[in-house]
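Have a look at the structure below, then the notes.
The values are calculated or read from the model by the stated rules, or taken from the named source; none is laboratory data. This is a predicted model, so every value here is computed, not measured. Because the Cβ atoms are built from the backbone with ideal geometry, glycine has one as well, and the counts that use them run over all protein chains shown. Heavy atoms of the whole protein, side chains included, go into the accessibility calculation; ligands, DNA and RNA do not. Shrake-Rupley method; radii C 1.70, N 1.55, O 1.52, S 1.80 Å.
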4 protein chains.
Amino acid sequence: MVKASIVGATGYVGAELVRLLSQHPQVELVYLSSQSYEGKDIAALYPSLLGTVRKELVALDAEKFAAESDVVFTSLPHGASGEVIPKLYEAGTRVIDMSGDFRYDDVKTYEAWYGVTHARPDLLDVSVYGLPELHREEIRAARLVGNPGCYTTCSILAAAPLLRDGLASRENVIIDAKSGVTGAGAKPSANSHFCEVDESLKAYNVARHRHTSEIEQELTKAAGGEVLVSFTPHLVPIKRGIFATVYLNLAPGVGAEQVRASFEAAYAGEPFVTLMPEGQLPEVKHVTGSNRCAIGFVVDERLHRVVVCAVLDNLLKGAAGQAVQNMNLLFGLPETMGLPTAALCP
Amino acid sequence: MVKASIVGATGYVGAELVRLLSQHPQVELVYLSSQSYEGKDIAALYPSLLGTVRKELVALDAEKFAAESDVVFTSLPHGASGEVIPKLYEAGTRVIDMSGDFRYDDVKTYEAWYGVTHARPDLLDVSVYGLPELHREEIRAARLVGNPGCYTTCSILAAAPLLRDGLASRENVIIDAKSGVTGAGAKPSANSHFCEVDESLKAYNVARHRHTSEIEQELTKAAGGEVLVSFTPHLVPIKRGIFATVYLNLAPGVGAEQVRASFEAAYAGEPFVTLMPEGQLPEVKHVTGSNRCAIGFVVDERLHRVVVCAVLDNLLKGAAGQAVQNMNLLFGLPETMGLPTAALCP
Amino acid sequence: MVKASIVGATGYVGAELVRLLSQHPQVELVYLSSQSYEGKDIAALYPSLLGTVRKELVALDAEKFAAESDVVFTSLPHGASGEVIPKLYEAGTRVIDMSGDFRYDDVKTYEAWYGVTHARPDLLDVSVYGLPELHREEIRAARLVGNPGCYTTCSILAAAPLLRDGLASRENVIIDAKSGVTGAGAKPSANSHFCEVDESLKAYNVARHRHTSEIEQELTKAAGGEVLVSFTPHLVPIKRGIFATVYLNLAPGVGAEQVRASFEAAYAGEPFVTLMPEGQLPEVKHVTGSNRCAIGFVVDERLHRVVVCAVLDNLLKGAAGQAVQNMNLLFGLPETMGLPTAALCP
Amino acid sequence: MVKASIVGATGYVGAELVRLLSQHPQVELVYLSSQSYEGKDIAALYPSLLGTVRKELVALDAEKFAAESDVVFTSLPHGASGEVIPKLYEAGTRVIDMSGDFRYDDVKTYEAWYGVTHARPDLLDVSVYGLPELHREEIRAARLVGNPGCYTTCSILAAAPLLRDGLASRENVIIDAKSGVTGAGAKPSANSHFCEVDESLKAYNVARHRHTSEIEQELTKAAGGEVLVSFTPHLVPIKRGIFATVYLNLAPGVGAEQVRASFEAAYAGEPFVTLMPEGQLPEVKHVTGSNRCAIGFVVDERLHRVVVCAVLDNLLKGAAGQAVQNMNLLFGLPETMGLPTAALCP
């Protein structure tokens, strides 16, 4: 049994981790920490867990957590993990971090996009970007995983194969992304007020969303040459789900067949990436509640461009589910253990 | 032209008043006050008003507002109106108050249900309950109007005729009400967080919602004998709308015909109450964006009980629209002036 | 391994059965039938199942299904099961039927409320009402299960204990119920059109919904005397979920303590019924995606009445989940096997 | 008074026309036609109109309609208007057509994208593209108006100024558009089923949506050179609203100041186009229920690209509202008469 603790268990990602880990056949939950709700039971905050798990929320104690846990999931705001994670890591436990702090190869990129100084850039050398479909072997060997963001997982999985295989131009890459409101977190704000979100749509952080840099890092590596992307996030009135529409100009001579072959080669055998059958495009409902990313595409022959659509559940494949997938890899468990592939639909 | 000011113009009811009054052919907006947004333009906060009205929000100055306005709408939390309203009233302007403070005949009822001491119980003698369908003549003569709540307007209009006409028992009156989220106001909270409300339903303040006392006051007057009601409010994932399902045991011998006749007599000629045609029940979408309350019913012969369904838009007939209707009465304007009867549907 | 087939696999209940059974550790899916989609794969219709199950839909062949299956789930419109189910049953397989056809003790009740003649009233003698919390032992011994409806499961679980224990009056029982749209089925109609449902609420089939008779049958048995109920279904803009608000007049001298004790006694040890902690009421989101029914209550001392609120996911505890629970009982498997207790929340 | 009739009054666009025209101070409604609901009252179908308008639906009689109406609005499927409109037009009345049939300069474009033969290409010479902000003077003089589609109005208003002023490249124009479900019409289908749409997102008709050709026609004229666009429509779970995200590569040397100046020059004095204040982007809720299109933008200096966001209510500025605006122009009425500028918000 893997002994697992969660730092920051009461946000939406934290609670999803509790839900998944409490039902994982090879995991024992050790500590759940919360700053605001210490002493309360997690099931009192999330009655959705009544009948499944009861566990008191405790104050964070990095030494104790590290000593008694094989792995600690940290679900804290970026920067906040500066102090906690090094302590956990240096005490010898494995750490899977949900924030942006350990997702970067180059500290300068992080600092430029986050506007803060990284507390421990040295740890970027040992941390691994936790996207199994691109970095599986590195993850298996890692002790510190930077778990990718929701927008980025969806965007990278949609675009990487075609760029890697040279089927698409590195110029004019446009990613128009739409997100459900859970992505904004559990803290009430005008941005998540029902009456401000419902029956509306908006774009936000246009041309400056931090996930842009993460996408560019991974696509640049995949393409073997600099890829810069226009990334536009939108908020839509759904709870869970990311929908990324990716526009890529095709390389000369490339058609639908090569595009399909590229995706098939990239994701054959991947348990959590589904290439949609020909003629079908993915919809958010195809993945809600599952750990899958579903991908489809249309080649526009008239404009020699491909439009790739990809969807995932931002709390699962875009956060907690992917973290559990990474944990499975870290401990040599079957990669799919404890992770749903079927979506709750309708 | 009626010179109108609004105290508390940036909440949902306040903003709806701005929208209605800025398009009212006989109204000139004088002052809009806001504690939090002084100096900003109302259209910067509500870009829905861009192209319609631009007006700077100012600090509240009761003397100035009263001196320069024919009517002041106060949209403040209950109790908060204790000081402001007496000042406005005593300075001679007319006041239409959105809070519960001036809706009661008996200060003891107010104090019991609100758990506070009323600052100026003497003003209850001059204030009028602003439900035109029941108190039209008193309103015309009033200078201080307690504008009814959304749940109450809907519940009272649904139940009063049958009780007044002796067609229904005063015992076992059950009102099961459902409200949209705008009823909870513009302030972000866990209760109005999109992800907490969407795809869910809940009951709240069961057996202790303050509107119960308002409903009981008016139904008791209508029935000519004490009416106590089980009132259960529910929150549903819509923005606007109240749906009240009222269960009344019929008096011996009463059938569908008398019930229909009672409603027809009560609301013949009422511009803002629609009795649904036979066989049709009202739905929230029939009134969204309009100032109408729509009412339908089913007589259950098997159980000798009537189920009355009533709907209204809580920001219009349940708040700002009704306030404008009251203003029209106060100033001898056509009662429907500036008020929509058609709903925005779909 | 239990060999299971589904007749009518492409409706919402059928597809939910496929999802649950395909992941059940002790079930092998044998046949999935569909009239409209014969020859297609279930995952082509429900891409939510891609990566989980692929199975061709076939035409119904009762003999073959019966011969090769230990249990057949029938998800057909009421009446339609008249011919199929007798064949399946008489061929010796076990049958769990989703329709109303085999839920009644007295054929007259069925015929009065459904307005049709029952094809095989004799089978009502051997069929069992599949609500495990009330009829567990009968179910274990049954070969034909009438799986209860969604409204009824929720209403009965909310009201039965207090009536059985004599804590509530059998008079004036009011059940005000709210349902998500999946309850109306997968077939497109004006009633399920997004623009007709979204941002609206309506009541329907008031005083004549068929589930009334099922609720009355079970509550009458529980109470040991006739219980007639006003049952009012409402449609709300959510996909999954039933919320029942039940009004019961308390017997003389009964207070909150006895009410709590009654519920605790009734549901102690029940894996799929949760009594909410004191001071908390259930919300639909507490059960979405789980097989649980959650119950809470408020005693209104002023009116000597109790308001019981109960929620469940209509496709799980209100249909497919309960059917799997029944199957587990039929085959001596652990009752919770393959059934989620945690809700997907948010 | 302008005498107006509507052919096809019971679809969503038709009903919105009824709502607007019945409240228009200079319009008298003459005939409302319906194929399916002849003999019924429009308010029986749309109880949202109860208290506002009652009018019997009649069978279409082109001669009679033309003879007794100053203007006829035709809201029929494309192609279907082939026969009716010529009759109306030739009988001398003015026609405002909601379909795609009379929006094209070149019949070949229409036939290529619609896959049908145009019945009366000769009438394209006299018909005018009814986008007042681009073709106001032509509209004033017209007798046959092809009222633009919802996606197109939004996209063209967002992109035309920058292309006309040479600030943006004609290459790599990407329009990622999101639509509410009313755009799909009132007819129930799997695409508009609540449970298929709610909590989901999808793209559809990628690279082949007909509105692409309309957008290209108008942007090509504006730019003075061929503009081809990737246009990707998405369906989002809201009732009303279009959100268009337009990606344009900026011409060398162009920055935010010139972009703003271009929009300001284009839309100064336009009553129904709002340029958002600096730093603000439009959201659907800013325009729901109004006839306005709101536009904002972000210049991405890093990539030398501008992202323009535009929103409108598809039933108003995207259909019925724009049609009334066109009618006002045809008859020399104030352009804003009978048309709301304020949105219903929240």
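One residue is enough: does region D:308-316 have a residue meeting the conditions closer than 19 Å to B:GLN23 by Cα and either in contact with a helix residue (DSSP H, G or I) (Cβ under 9 Å, 6 or more places away or on another chain) or modelled with pLDDT of 95 or more (or both)? Yes, because at least one residue in region D:308-316 is closer than 19 Å to B:GLN23 by Cα and either in contact with a helix residue (DSSP H, G or I) (Cβ under 9 Å, 6 or more places away or on another chain) or modelled with pLDDT of 95 or more (or both).
For (1) within 14 Å of chain B (Cβ to nearest Cβ); (2) without any contact (Cβ under 8 Å) to a residue 24 or more places away in the chain; (3) of a type in the set (Asp, Glu), each residue gets a yes or a no:
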position: D:GLU16; (1), (2), (3): yes, no, yes
position: D:TYR46; (1), (2), (3): yes, no, no
position: D:PRO77; (1), (2), (3): no, yes, no
position: D:ILE96; (1), (2), (3): no, no, no
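If you go through region D:84-97 one residue at a time, do you hit one that is in contact with a Gly (Cβ under 9 Å, 6 or more places away or on another chain) and surrounded by fewer than 17 Cβ atoms within 10 Å (Cβ to Cβ)? No, that holds for no residue. Residues of region D:241-259 that are assigned to a loop (DSSP other than H, G, I, E, B), within 14 Å of chain A (Cβ to nearest Cβ) and over 20 Å from D:LYS317 (Cα atoms): D:GLY255 alone. Can you tell me which residue is surrounded by the fewest Cβ atoms within 10 Å (Cβ to Cβ) among those in region B:192-206 that are within 11 Å of chain C (Cβ to nearest Cβ) and part of a helix (DSSP H, G or I)? Checked region B:192-206; the qualifying residue surrounded by the fewest Cβ atoms within 10 Å (Cβ to Cβ) is B:GLU196.
Look at (1) at pLDDT below 95; (2) in a loop (DSSP other than H, G, I, E, B) and you find that D:HIS209 fails only one, number (1). I'm trying to understand the selection: among the residues of region A:160-189, which are part of a helix (DSSP H, G or I), among the small types (Gly, Ala, Ser) and either open to solvent by less than 30 Å² (accessible area, probe 1.4 Å) or within 11 Å of chain D (Cβ to nearest Cβ) (or both)? Once the filter is applied, which keeps residues that are part of a helix (DSSP H, G or I), among the small types (Gly, Ala, Ser) and either open to solvent by less than 30 Å² (accessible area, probe 1.4 Å) or within 11 Å of chain D (Cβ to nearest Cβ) (or both), region A:160-189 yields only A:ALA160. A count restricted to region D:230-282 and to residues that are polar (S, T, N, Q) and within 30 Å of A:ASP300 (Cβ to Cβ) stands at 5.
If you filter region C:65-83 down to residues that are modelled with pLDDT under 95 and more than 16 Å from C:VAL126 (Cβ to Cβ), you find that the one that is surrounded by the most Cβ atoms within 10 Å (Cβ to Cβ) is C:LEU76. Looking at region B:117-129, is at least one residue surrounded by fewer than 24 Cβ atoms within 10 Å (Cβ to Cβ) and on the phi > 0 side of the Ramachandran plot? Looking for residues that are surrounded by fewer than 24 Cβ atoms within 10 Å (Cβ to Cβ) and on the phi > 0 side of the Ramachandran plot, one finds none in region B:117-129, hence no. The set of residues from region C:212-240 being out of contact with any Lys or Arg (no Cβ under 6 Å at 6 or more places or on another chain), open to solvent by 10 Å² or more (accessible area, probe 1.4 Å), away from chain B (no Cβ under 11 Å) and in a helix (DSSP H, G or I) comprises C:GLN217, C:THR220, C:LYS221. Considering (1) within 14 Å of another protein chain (Cβ to nearest Cβ); (2) at negative phi, the lone condition that A:GLY51 does not fulfil carries the number (2). Report whether or not A:THR153 is under 25 Å from A:LYS108 (Cβ atoms) and away from chain D (no Cβ under 11 Å). Spelling it out, A:THR153 is indeed under 25 Å from A:LYS108 (Cβ atoms) and away from chain D (no Cβ under 11 Å). Highlighted here are the strands (runs of 3 or more DSSP E) found entirely within region D:260-342 that include at least 2 residues which are within 14 Å of chain A (Cβ to nearest Cβ) and open to solvent by 10 Å² or more (accessible area, probe 1.4 Å): D:293-300. For the residues B:ALA62, B:ALA9, B:ALA15, the requirement of being hydrophobic (A, V, I, L, M, F, W, C) and either open to solvent by 10 Å² or more (accessible area, probe 1.4 Å) or in contact with a Lys or Arg (Cβ under 6 Å, 6 or more places away or on another chain) (or both) singles out B:ALA62.
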